Amino acid sequence: MLFHDLTRPGTDEIKVSDDSLLEIEHVTMRFGGLVAIDDLSFTARKKEITALIGPNGAGKTTVFNCITGFYKPTVGRVMLTHPRKGRYYLERMEGFKIAQQADVARTFQNIRLFPRMSVLENLIVAQHNALMKASAFSFAGLLFMNRYAKAEKEAVERAKYWLNKVGLYDRADWDAGNLPYGDQRRLEICRAMCIQPAVLCLDEPAAGLNPRESLELNELLLGIRDHEGVGILLIEHDMSVVMQISDHVVVLDHGRKISDGTPEFVRNDPTVIKAYLGESEDEDLPQTVKNDLARNAGKDV
Amino acid sequence: MKRTILSEFSDIPLDRGILSDRLIGKRRTKRLRRLGDNQQYNGGRVAYFLQQLINGLTLGSIYGLIAIGYTMVYGIIGMINFAHGDIFMIGAFISVITFLVLGALGITFVPLALVVVLLMAMIFTAIYGWSVERVAYRPLRGSFRLAPLISAIGVSIALQNAVQIAQGARVKPMEPVIAGGLTLFTDSNNFDVVISYLQIFIMVLTVVLMAGFTYVITRTSLGRQQRACEQDRTMAGLIGVNVDRTISTTFVMGAVLAAVAGLMVTLQYGVIDFYIGFLAGTKAFTAAVLGGIGSLPGAMLGGILIGLIEAFWSAYFTIEYKDVATFGILVLVLIFRPTGLLGKPEVEKV
Amino acid sequence: MADMKNAVATPGQGGFDVGAALKESGKAAFVAGLLGLPLLALKADNFGSKLGLVYRWDALFIAIAAVFVGRFLLILLSGRQKKSEGGVFAAFGKGIHSNMALIGLAGLVIGVLLPVVYPDRYVIYIATTFMIYVMLGWGLNIVVGLAGLLDLGYVAFYAVGAYSYALIASQFGWSFWVVLPLAGLFAAFFGVILGFPVLRLRGDYLAIVTLGFGEIIRVILINWTDFTGGPNGISGIPPITFFGLPFKNGDHGTFASFFGIAHSPVQRIIFLYFVILTLATLTNLFTQRMRKLPVGRAWEALREDEIACRSLGINPTNIKLSAFALGAMFGGFAGSFFSVRAGFVSPESFTFIESAVILAIVVLGGMGSQLGVVIAAFFVVILPEVFREFEEYRMLLFGLAMMVIMVWRPNGLLSFREPTIRLHPKKESA
């Protein structure tokens, strides 16, 4: 345990079960008057894929930003139980340290690669902290010491492993910005995996992928869960992905949690259906829209 | 190198903060300033303070008008228009030349002359603003961030040297056009607090222009187009806003205000040269950043603050380090309010 | 002017529409006339303490005619060039980049041989100035080209280096070789002092703060007369020695007597040239090596996307600081070389225009390209030297050239980037 919570002694031991990885407790995020997340609590477990779903504007990305340190939650606690290092309270840590020390990796909704660096370089930059340590803040490298050469070689091996996994090995020297969209998405996941994370947060990894790519993505994510043993937190709109691969689904609407359970449970939860499809389909609609709908329905027939 | 010819007009007023050390021999300023300080201190602290306030507001109005040009251009295309200070310098030169032309034509009725000079300066400076955008910036739209900046630095160097070649390197002195002023009050030690008619003219004109521009930006369709381009140029283009024309108009508007500032400097400080654009431009850009770049009231506020800082720093501390004070305060403000005083706090889009 | 170009070039499928071109040139000439009317045709000339008007209609008409012809020729040329331009330049760029190491080596050999082949005072003098700018360009390239931080006050670090040597050498009589590293450290220290509070600012805010910092240093140099000599600067700075052996006439302990040759003033100039050549080469090697190290890669990553860097656990402030401090350090080295060569420093040498020129070298060369810096420095230093007879128009042409080159090649002369590490060997014919 790196950080002891002195304000609430003892509560940790009671609440936390052994396999919990990430615990979001009573997190609220306000922007001025707007409440983006309202008293949200859920737990992501080790070696599981936890999906965070909900209609647009439900606050999913905001949750991610609170976990990965881009926002500081107004209220609440984000606790990571690192399988190798102990416990971290992420809401108290400076942004970049969450990735550096607590090993929380993430991808972005609108891909953020280093477009004018090569694919391989993208993966090596991700191993920055390990390489910095190995090269004694680059001084060893400046003096052409063996120890840096070795560390770099290891970094390249790790990069190769991931490149092979997603079929980018042949294009390792391309500029990342020149890759097709789907490959950029996969590369971003590889880059996140290269920091050897404890938890991997993926923000809509299947967005913009075609059905075949989407299937490949499922396999990649299942592989990460099963072979690397890394827990995944996933925001996704594509229900085929969510229902097929997630072990646990949390549903948000207007910043609140409205459902939490297995995919089957969530799929049949009336509150979820209501949130997605609207309460009563016809009555709220203006007359003109209803007319349009009626006309279109007629055409379809 | 300018210093040798200064003996020609040793009776020029002292508070020409905008022109800085180039036009006044350093040592001489120091001596006279100290002398003045003592006299004024004997005269009375309150009166001295008020006098500096008036001087600072005048200078600040001028900075503010130039700053608006920076802030509008930055807002709409996100570039530092480095040549804007030189556009201001050109405005000042056109004012001087128009005065001379009017003199040659025998038009000496001051209000008429002022109106004509104001219009001419605005029109011709606007053409400069438009041409610079057309030739040096428009072809670079959409290329990477630093390209237009370098192009702008090139334009700035070119304009400065073009004016130097065409008009000569010597400073251009101007006789006062509006003389006299109001004595606001006289304190017990017989020290007058004076606001000159010229200072009143400058402040009133600034307020009128600010009101006009605020109206244009917030109420007219042109203003809406500008704000649309500021938010998202591609989208604005898709819904039928003529993006090129809107950006050109922005440059023209900035140049018009810079021309007015140029005229004001000519009138207030009575002496200009081809180099005044750099320092004034830097200060005005500092003002824009201080106020929050992209914000119109911010630019004005920043301008006035910098004018006041300079006036008071020169009056109570040392005139030599007034630029240090200005930039120091800018750094302090940015550390604590990274988006400037009136800039919108940015929520980082992730 | 892109849209105009198209409008003129398209009709007739490659044919040339003279009418449209003339109309377009007429427009340009009209605008030029409006621009020239108040400032070129009319001159506010100084008569004693008063101003008078001087009319120069001839100059205005020449300018209008020049613009008309120039615009017409430009349209003519741009129509012709369109077909070939892409291919030629792409091939040129590729040729350069597939032989980068060879070109670097060749450049170095030429640099070393120059004083042997051409032991001419003037040539060596210009070559030394050129190398100073190359070194400054390489130093700033770390900050602007690699880390993507817009620094408009780089000259401040150059000044810190120059004054460090000037003050220490003339006060304590320390040798150049002792002061050189100190000057670099001082400059780096200033870089950290400035960088620490401001590096978290957004790019353009950083620009104005660094610009302000450059001015502050200059204002302090002008006004802190007791320490810096004020506007008059510091003169009589001890000249460089050959590792302790002075370059002067004498039978004992001088460079000439030690090597048993006749004394000649050109020896010192040539030695200075080799010093800056070595310093610049070291700067280049250092940067090339840094690019392959974690810090260097993080610089480039930071330039590309700071948010992504944070998500990977990279501390942006430290990385930026390191770039800023190292860039400043090389500026300091170059500065102390500047003062040992000139024997005199004054604030006049460290104005904003110097910062602008160095930045222009980096950007014109192509951000991050080391070879680009050399080519751009050549443009910036050698060309004005060639056009020395147009003294009056030199800076005007310089400013215009800066603008034209930027418009012509917005990404700089060489914008190609070679990855710092490869998995597959480079293909010869790609």
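FYI, it's all coordinate maths here, none of it is from the lab. These figures come from a predicted structure and were not determined experimentally. Here the Cβ positions follow ideal geometry from the backbone for every residue, glycine too, while neighbour counts run over all protein chains shown.
Observations, loosely collected:
- Put in order of Cβ neighbour count within 10 Å, fewest first, the listed residues B:L53, C:L180 become B:L53, C:L180.
- Most mobile of A:N178, A:N210, A:N65 in a GNM of chain A (Cα contacts under 10 Å): A:N210
- For the peptide B:313-324, the mean number of other protein chain Cβ atoms found within 10 angstrom of a residue's Cβ is 2.
- Estimated dipole of the stretch A:98-241 in Debye, rounded to 20 [Cβ of Lys and Arg +1, of Asp and Glu -1, Cα centre]: 520
- Backbone amide hydrogens, once placed in the peptide plane, bring A:C201 within less than 5 Å of A:A105, A:R106, A:T107, A:L233, excluding anything fewer than 5 places away on its chain.
- Nearest-20 debye value, chain A charge dipole, Cβ charges on Lys, Arg, Asp, Glu: 1200
- DSSP finds beta bridges in chain A, and of those with both partners inside it, around 60 percent are antiparallel.
- Among the listed pairs A:K60/A:K165; B:K283/B:K322; A:K85/A:K257; A:K160/C:K426, those with a Cα-Cα distance over 20 Å are A:K60/A:K165; A:K85/A:K257.
- Judged by the mean number of other Cβ atoms found within 10 Å, the most tightly packed of the peptides C:233-240, A:249-256 leads the ranking A:249-256, C:233-240.
- Summing charges over all other residues whose Cβ lies under 13 Å from the Cβ of C:A159, with Lys and Arg as +1 and Asp and Glu as -1, gives -2.
- Helix A:181-193 vs. chain A, principal-axis angle (Cα, 0 to 90°, nearest 10): 60
- Protection proxy ranking, highest mean first, for peptides C:22-31, A:137-146: C:22-31, A:137-146, where packing is the per-residue count of other beta-carbon atoms within 10 Å, averaged.
- Cα lying deepest toward the dipole's positive end in the protein assembly as shown, options B:T186, A:A151, C:M135, charges on Cβ: C:M135
- In terms of the mean number of neighbouring beta-carbon atoms within 10 Å, the peptides C:248-261, C:390-403 order highest first as C:390-403, C:248-261.
- Annotation: the antiparallel percentage among DSSP beta bridges lying fully within the protein assembly as shown is about 70.
- Helical content of the protein assembly as shown, expressed as a calculated mean residue ellipticity at 222 nm, amounts to -19500 deg cm²/dmol (DSSP H runs of 4 or more residues, -39,500 (n - 2.57) each, divided by residue number, nearest 500).
- For residues of B:135-145, the mean tally of beta carbons on other chains within 10 Å: 5
- Other protein chain Cβ atoms within 10 Å, averaged over every residue that makes up C:205-211: 6
- Listed residues A:S246, A:L202, A:L142: farthest to the positive end of the dipole of chain A (Cβ charges): A:L142
- For B:R233, B:R224, the sequence from fewest to most other C-beta atoms within 10 Å is B:R224, B:R233.
- The stretch C:114-408: C-alpha pair distances exceeding 32 Å, %: 27
- Rounded to the nearest 20 debye, dipole of chain B from Cβ charges on Lys, Arg, Asp, Glu: 520
- Neighbourhood net charge (11 Å Cβ-Cβ; Lys/Arg +1, Asp/Glu -1) for C:Y125: 0
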